[in-house]
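Working notes, structure below.
The values are calculated or read from the model by the stated rules, or taken from the named source; none is laboratory data. What you see is a predicted model; the values in this text were computed from it and never measured. We place every Cβ from the backbone using ideal geometry, glycine too, and count neighbours over all the protein chains shown. In case anyone asks, the SASA skips ligands and DNA or RNA and just uses the protein heavy atoms, side chains included. Shrake-Rupley method; radii C 1.70, N 1.55, O 1.52, S 1.80 Å.
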Amino acid sequence: MNRVHAFTDDALGDLDAVALADAIRSGRLARGEVAEAAIARAEAVNPALNGLAYAAFDTARAAAARGDSDHAFFHGVPTFIKDNVDVAGQPSMRGTDAWEPYAAVADSEITRVVRATGLVSLGKTQMSEFGFSAAAEHPRLGPVRNPWNTDYTAGASSSGSAALVAAGVVPIAHANDGGGSIRIPASCNGLVGLKPSRGRLPLDPVYRRMPVGIVANGVVTRSVRDTAAFYREAERLWRNPKLPPIGDVTRPGKQRLSIAMVTRSLLREASPQVRELTLKAGALLEELGHHVEHVDEPPVPDSFADDFVLYWGLLALAQVRIGRREFGATFDPTRLDKLTLGLARHSGRNLHRLPLAILRLRRVRRRSASFFGTYDAVLTPTVAEETPRVGHLAPTDYQQVIDRLVDWVAFTPLQNVTGEPAISLPLAQSADGLPVGMMLSADVGREARLLELAYELEEAQPWARIQGPQR
């Protein structure tokens with residue numbers, strides 16, 4: 001098994017972000033030595049993982065030396081920013097090489113929030129082209145590989161962030177999710193990945209203008225308390241008054257919940273192994289006192305998958321058509337991968353179907369809201385099958401890769417359309433020792449409920465550790 005990680009007896013050890021912040025605050029660790037340890041770890045594992053899009057190590061050293069945001073909770077804790085949001089002075093290539101890199105002039109809104117929590121970014125992380133694929137396997141930039149076994153994908157567009165967190169380079173990293181791209185790499189890499197409610201964290205204007213607001217910013221971490229602490233700190237800096245506050249969630253909840261368990265998506269049943277692991281997660285929840293009911297299908301119309309792919313294609317069509325205006329005169333659409341171009345063609349040929357597809361997607365929230373009138377939460381697998389090998393989702397043939405993506409990414413897009421929160425937890429492992437995530441979702445604004453459940457499950461069944469014994 002080709003397992004790669006950087007956990008060693010240095011300043012980072014195996015500390016999560018909360019423990020690392022405490023060690024820095026108390027003076028047991030210095031900001032500079034923490035930054036150097038993270039940089040050394042990145043240099044050690046990135047050749048095998050390909051998770052870095054841009055290294056800003058000297059910038060991180062300077063920030064650690066200055067003590068930026070020295071009163072913030074995560075002061076001095078190293079992180080990474082995904083390469084589809086801007087960081088001043090660094091390029092944002094969005095997982096492609098279709099134009100010449102140029103430096104962003106200012107931080108994006110989410111970058112400002114991340115930095116204000118005290119996190120120190122070491123650079124940008126690699127992703128699939130524009131985030132359209134559930135695996136980062138660019139034909140020229142190369143695949144992002146899974147640290148648990150580098151023969152396998154690290155999954156979805158936040159794969160670079162997830163691979164580097166799982167490998168121990170940093171304890172927390174920025175990610176975002178337009179169809180599962182926080183939750184899928186969390187599942188593949190054995191991490192905690194919470195996609196928050198729509199509007200919970202700030203978004204760039206281009207995402208706020210989308211006809212269906214499917215994109216959400218967040219983080220991937222190795223512990224529930226790191227995820228909870230990040231949202232607590234972010235909420236102190238930026239608050240959406242339309243949503244109930246998450247607050248400071250530090251332990252399991254006392255309320256016993258009614259939980260629907262779904263192992264079949266609109267299109268297919270989960271694979272036998274993934275289905276069995278989901279049933280075991282449901283049994284664990286029952287042992288903890290929750291009421292779990294197996295429900296046959298999710299509350300989505302038959303048109304959902306086709307409508308989502310068509311809408312996904314609209315986003316690709318926009319990138320192709322406005323690329324030169326957005327990315328400059330060097331933009332060359334012939335350098336885009338076949339998934340991006342295929343999605344753009346699909347949407348371009350079906351523009352007449354888009355208004356009704358968008359209308360139907362907007363109405364899905366009505367069904368899910370009714371569903372959450374009966375259940376407090378829903379348990380599903382994060383993805384329908386085990387993590388695929390590198391190459392299975394390579395964008396070499398449009399029809400082949402889109403069919404494989406729709407088959408694998410069967411459960412996560414629903415919450416992007418409805419705006420509901422969902423969290424992937426590394427509760428299981430496949431027969432070959434790779435992580436398998438279980439996903440819990442809840443009604444809009446109920447992140448605190450999901451975090452309380454996550455704490456409870458983490459205590460009852462601690463996650464497997466990449467630095468632990470191999471199967």
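General observations
- Among [x] 27; [y] 6; [z] 10, the entry that matches percent of Cα pairs over 44 Å apart as calculated here: [y]
- Listed values for region 84-90 are Karplus-derived 3J(HN,Hα) couplings in whole Hz (6.51 cos²θ - 1.76 cosθ + 1.60, θ = phi - 60°), namely 10, 10, 7, 10, 3, x, 10, and x replaces Gly and Pro.
- Prolate/oblate/rounded call for region 324-445, Cα gyration tensor, a/c under 1.5 rounded: oblate
- Glu233 exposes around 20 Å² of accessible area when a 1.4 Å probe is run over every protein chain in place.
- Most positive-pole-ward Cα, Leu356, Ile246, Val320, against dipole of region 18-460 from beta carbon charges: Leu356
- Rounded if a/c under 1.5, otherwise prolate or oblate - region 1-134, Cα gyration tensor axes: oblate
- Measuring nothing but protein heavy atoms, the accessible surface of the chain at 1.4 Å probe radius is 50 percent carbon and sulfur.
- A 1.4 Å probe over all protein chains sorts Trp463, Trp148 by accessible area into Trp463, Trp148, starting with the largest.
- Residues in region 18-460 average 36 Å² of solvent-accessible surface per residue, probe 1.4 Å, ligands and nucleic acids excluded.
- D_trans [Stokes-Einstein, Kirkwood Rh over alpha-carbon pairs] for region 69-121, 10 °C, 1.306 mPa s, µm² s⁻¹: 135 µm²/s
- The relative contact order of region 18-460, computed from alpha carbon pairs under 8 Å that lie at least 6 residues apart in sequence, is 18 percent.
- Among the DSSP helices (H) of the chain, those spanning at least 18 angstrom by Cα along their long axis with an average Kyte-Doolittle hydropathy of -0.5 or more are 31-49, 272-287, 304-327, 354-371, 447-460; this is a geometric and hydropathy rule only.
- Vicinal HN-Hα couplings computed from phi for region 409-424 (Karplus, 6.51 cos²θ - 1.76 cosθ + 1.60; Hz; Gly/Pro x): 8, 9, 10, 7, x, 4, 6, 5, 6, 7, x, 7, x, 8, 10, 9
- Relative contact order (%) - region 27-186, alpha-carbon pairs under 8 angstrom, separation at least six: 25 percent
- Across region 206-223, computed HN-Hα scalar couplings (Karplus, 6.51 cos²θ - 1.76 cosθ + 1.60, θ = phi - 60°) run 4, 6, 5, 8, 5, x, 10, x, 8, 8, 9, 7, x, 9, 10, 9, 9, 9 Hz from first to last residue, x flagging Gly and Pro.
- Beta bridges per DSSP, both residues in the chain: antiparallel share near 70 percent.
- Euclidean distance of C-alpha centroids, region 137-171 and region 108-126, integer Å: 19 Å
- Charge dipole magnitude, Cβ of K and R +1, D and E -1 - region 18-460, Cα centre, debye nearest 20: 1220 debye
- The chain - mean residue ellipticity at 222 nm from DSSP helices (-39,500 (n - 2.57) per run, n ≥ 4, rounded to 500): -12000 deg cm²/dmol
- Of the whole protein surface, Met210 contributes about 30 Å² of accessible area at a 1.4 Å probe radius.
- In this structure, the amide hydrogen of His138, modeled 1.01 Å from its nitrogen in the peptide plane, lies closer than 5 angstrom to those of Val144, counting only residues at least 5 positions away or on a different chain.
- C-alpha center-to-center spacing [region 67-86, region 256-281] in angstrom: 36 Å
- Each Cα pair under 8 Å and six or more residues apart adds its sequence gap; the mean of these over the residue count of region 235-388 is a relative contact order of 35 percent.
- Over all pairs of different C-alpha atoms in region 387-434, the reciprocal of the mean inverse distance, the Kirkwood hydrodynamic radius, equals 13.1 Å.
- Exceedance of the 25 Å cut-off in Cα-Cα distance is limited, within the set Lys124/Lys242; Lys82/Lys195; Lys195/Lys338; Lys82/Lys242; Lys82/Lys280; Lys82/Lys254, to Lys124/Lys242; Lys195/Lys338; Lys82/Lys242; Lys82/Lys280; Lys82/Lys254.
- Amide H contacts under 5 Å for Ala53, placed H, 5+ residues apart: Lys124, Thr125, Gln126
- Long-range amide H partners of Phe80 with built H, under 5 Å: Leu122, His174
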